[in-house]
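Colleague: Quick one: the structure is below, and I'll ask about it shortly.
What follows is calculated from the coordinates using simple rules that are stated; it is not laboratory data. Worth saying up front: this structure is predicted, and the values here are computed from it rather than measured. Backbone-built Cβ (ideal geometry, glycine too); neighbour counts: all protein chains shown.
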Amino acid sequence: MSEICALVSIQPKPGTDPSGELEEIFGKLVAGVEEKDRGVPGYAYFRGDDGHYRVIERYESSEAYLEHMRKIDTSLVRRLSELADFTAVEILGDPDEEVRAAIEVFGPQYRALVVGVWDQSEPGSGL
C-alpha cells in the first residue's frame, strides 16, 4: 500500500461569500472526516490572498481514499459545487485503478513520486 495525496484547487463562483456558507461547508466536511474516516492523516482547506482555496487530502492507501469517497456527505459536495468550481485536481502518488476510475470526472493530473522524505511516523501531525 502506498500513500496518496490530493491537491484540489477551488474557486468561489461570482457572488459567493467565501467566508460564509462556503467555509461552513468546508468545516462540515472536515468534521465528517474526523468522525467517519480512517486512514486519513491529513485533510485541510487553505484560503489564499486571492480568495481561492486549496485542499490537501492525505490518505494512507487507495483503500482509505475509496472509503472516504463512500462516506462523504454528498449533499455537502453538491452544495459546494453550486458555490464554487473545482479548477484543478492533482493526485500525488500511485492510486490504484479503482481510485482513478472514481475520480476521473474531475480530470485529475497524476504525479508520481520521484524522490523525497515524508514523515509517516505520526499520522495527523503533518499539518
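Colleague: Under 18 Å between alpha carbons, and skipping anything fewer than 8 positions from residue 71 in its own chain: which aspartates and glutamates qualify?
Modeller: 34, 35, 37, 57, 60, 63, 98
Colleague: Normalising by the residue count of the chain, find the relative contact order in percent from Cα pairs under 8 Å and 6+ residues apart.
Modeller: Computed over the chain, the figure is 36 percent.
Colleague: Just to confirm the number: angle between the C-alpha axis of helix 62-71 and the first principal axis of the chain, 0 to 90 degrees, nearest 10?
Modeller: Rounded to the nearest ten degrees, it is 30.
Colleague: Nearest 10 degrees, 0 to 90: what angle lies between the long axis of helix 74-83 and the longest principal axis of the chain (Cα atoms)?
Modeller: That helix lies at roughly 50 degrees to the long axis.
Colleague: Give the Cα extents of the chain along the principal axes, in whole Å, largest first.
Modeller: 42, 29, 28
Colleague: Quick one: which of 78-90, 12-24 comes out on top by average Cβ neighbours within 10 Å, and what's the full order, highest first?
Modeller: 78-90, 12-24
Colleague: While we're here: With +1 on the Cβ of every Lys and Arg and -1 on the Cβ of every Asp and Glu, and nothing else charged, how large is the dipole of the chain about its Cα centre, in debye rounded to the nearest 20?
Modeller: Here the chain has a charge dipole of around 200 debye.
Colleague: Hey, what number do you get for the chain at 222 nm if only DSSP H runs of n ≥ 4 count, each worth -39500 (n - 2.57), divided across all residues, to the nearest 500?
Modeller: Counting only the DSSP helices, I get -9500 deg cm²/dmol.
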